[in-house]
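Peer 1: Below you'll find the structure I mean.
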Amino acid sequence: MQTHKPTYEEAVSLLKEFNQNESLLKHAYSVEAVMRYAARKAGEDEEKWGIIGLVHDLDYELFPEEHCAKTKKILEEQGWPPEYIRAVVSHGWEMYSEVEPQSYLEKVLYAVDELTGLVSAAALIRPSKSLADLEVKSVMKKWKDKSFAAGVNRQVIEKGVSMLGVEIKELVADVIAGMREVADKIGL
């Protein structure tokens, strides 16, 4: 099959075809926004990074036991470029896939995926239930409390931060900034 560069509309349509769960959709939009923010900051292709972030968990709702593998198959059938597919699959490295993040895009996706969940949870416990007044120090305080947002894999975030060669606080600041751009869409 001929590969083609997917449009944003195609990515959204595919996301909604495989996902109806509101929290999974909000997660997809959160990761998309953070990837777009990171792409702009790095002078990279914002649309490409955003699309990859948007569909990274494409198969999770319907095929959790085949996470990443099923997305690879779906995107291949849709004729997506191998670079996009590899990036999406790499976010599940050592959990759902053997594809290690190599490119800067892949490392950012790997690092921010879990972190968006922690940031969302930290925003929700604020009196405002909003990202607008969420500060890095508040997230870092919750980072240390392993029982808070216990489903967030902090080891993956730490490994991602190490791969990127940044401080965790810098990445948290970027995630908050990126998510603020879609605060209305994700209800925060």
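The values are calculated or read from the model by the stated rules, or taken from the named source; none is laboratory data. Only a predicted model underlies this, so the values are computations on that prediction, with no experimental measurement involved. As a convention, Cβ positions derive from the backbone with ideal geometry for all residues, glycine included, and neighbour counts pool all protein chains shown.
Peer 1: Can you name the residue in segment 9-45 that is over 23 Å from LYS107 (Cβ atoms) and touching a residue at least 40 places away in the same chain (Cβ under 8 Å) and is also surrounded by the fewest Cβ atoms within 10 Å (Cβ to Cβ) among such residues?
Peer 2: GLN20
Peer 1: Looking at LYS141, is it at pLDDT below 95 and touching a helix residue (DSSP H, G or I) at 6+ places or on another chain (Cβ under 9 Å)?
Peer 2: Answer is no for this residue.
Peer 1: For segment 115-188, which helices (runs of 4 or more DSSP H) that fit wholly inside it have 1 or more residues that are of a type in the set (Val, Ile, Thr) and under 16 Å from HIS27 (Cβ atoms)?
Peer 2: 154-164, 168-180, 183-186
Peer 1: Quick check on LEU58: is it touching a Phe, Trp or Tyr at 6+ places or on another chain (Cβ under 6 Å) and in contact (Cβ under 8 Å) with a residue 40 or more places away in the chain?
Peer 2: So LEU58 fits the description; yes.
Peer 1: Among the listed residues ASP145, ASP59, which satisfies the condition of being closer than 21 Å to LEU15 by Cβ and acidic (Asp, Glu)?
Peer 2: Result of the check over ASP145, ASP59: ASP59.
Peer 1: Would you confirm, using the coordinates I've provided, whether THR3 is surrounded by 17 or more Cβ atoms within 10 Å (Cβ to Cβ), within 21 Å of LEU105 (Cα to Cα), polar (S, T, N, Q) and over 13 Å from the mean Cα position of the chain (by Cα)?
Peer 2: No, not satisfied.
Peer 1: Sticking with this structure for a sec: Can you confirm whether segment 105-115 contains a residue that is buried (at least 19 other Cβ atoms within 10 Å of the Cβ) and over 15 Å from the mean Cα position of the chain (by Cα)?
Peer 2: No, segment 105-115 has no match at all.
Peer 1: Please go through segment 62-84 and give me each residue that is surrounded by fewer than 16 Cβ atoms within 10 Å (Cβ to Cβ) and in contact with a Phe, Trp or Tyr (Cβ under 8 Å, 6 or more places away or on another chain), ordered by number.
Peer 2: LEU62, ALA69
Peer 1: Is it the case that GLU106 is over 26 Å from TRP143 (Cβ atoms) and at pLDDT 95 or above?
Peer 2: no
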